[in-house]
Structures are given as structure tokens and as C-alpha cells.
Amino acid sequence: MDVISLTKDSFHKQIEHGVTLVDFYATWCGPCKIQLPIVEEIAKELKSEATIAKVDIDAESDIASEYDVKSIPTLMIFKDGYKLETFVGIQSKAFLKQKISEYTAIGDTC
């Protein structure tokens, strides 16, 4: 599974169930260009455990405002509709995989 691009029409429906990692980015952002390949690798490796998604803050400024995204890249982990953690700046693959695994291990309740 590849990284899913979310819009205001699909965002809330996507984060309602299971664990979702969302990468808030912009196409012009240098650090975002470093983060995206890491996120894409995680999407391939954890496709059966979690959904990996991205939101272009320029195209989807309403979502960025709703979640108070002020710096990019910003990554958020959601489980069953609840925002659990926020990370600002470039995050390592190992760190993100560990965090996702912590929340997938919880099971169906949050």
C-alpha cells in the first residue's frame, strides 16, 4: 500500500478506524522532501498494521488549521478518530515504526 493523500472530504473518514500516521507537508518544503521517502517506506512495511497518509497543507489548509499545524513536516498518529501524538520535524523510520507499533498493539480500543 502506498501513502494515501487525504483531503478535507476524506480526512475524518480515514482516521476514524485503526491507526493512521498522517504526514502534514508542502511540496516546497525541503525537510518534507527528506521525510516523505521515510513515510513511503513505512507505508510499504506496515501496510497490514496501519494506514499511512499525507496532507498537503497548501491544498488542505482547513485541515492544517484544525490540527494547529504551524511547522512542517508535522506527523500525527491517530487511533480510532483520536489524535494521540504529534511530532514536528524530520522523524526517523525506526522511531515512527516504534510509535505505530505501540498503538497497534493496544488492540481495538483507544
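The values are calculated or read from the model by the stated rules, or taken from the named source; none is laboratory data. Just so it is clear, the model here is predicted, and its values are computed rather than measured. Here the Cβ positions follow ideal geometry from the backbone for every residue, glycine too, while neighbour counts run over all protein chains shown. Note: accessible area is taken over every heavy atom of the protein model, side chains too, but ligands, DNA and RNA are not part of it. Shrake-Rupley method; radii C 1.70, N 1.55, O 1.52, S 1.80 Å.
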| remark: Expressed in square angstrom to the nearest 10, the accessible area of SER48 with a 1.4 Å probe stands at 110 Å²
| task | Sort out for me the Cα centre separation of segment 86-100 from segment 9-65, rounded to whole Å. | result | 12 Å
| query | With point charges of +1 on the Cβ of Lys and Arg and -1 on the Cβ of Asp and Glu, referenced to the Cα centre of the chain, which listed residue (PHE24, PHE95, PHE11) lies farthest in the positive direction of the dipole? | reply | PHE95
| request: With an 8 Å cut-off on Cα pairs and a minimum separation of 6 or more residues, tell me the relative contact order of the chain in percent. | output: 36 percent
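For the chain, what is the accessible area per residue in Å², given a 1.4 Å probe and the full set of protein chains? Don't skip to the end; give the middle numbers.
Working: 5790 Å² over 110 residues.
On a per-residue basis, the chain sits at 53 Å².
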| Antiparallel bridges, percent of DSSP beta bridges restricted to the chain (to nearest 5) | 60 percent
| message | Please return the longest range in the chain lying between exposed loop sites, taking trypsin sites (Lys or Arg not before Pro), DSSP loop only, at most 16 other beta-carbon atoms within 10 Å, and leaving the sites out. | response | 71-110
| Percent accessible area from carbon and sulfur atoms, segment 29-99, protein chains only, probe 1.4 Å | 49 percent
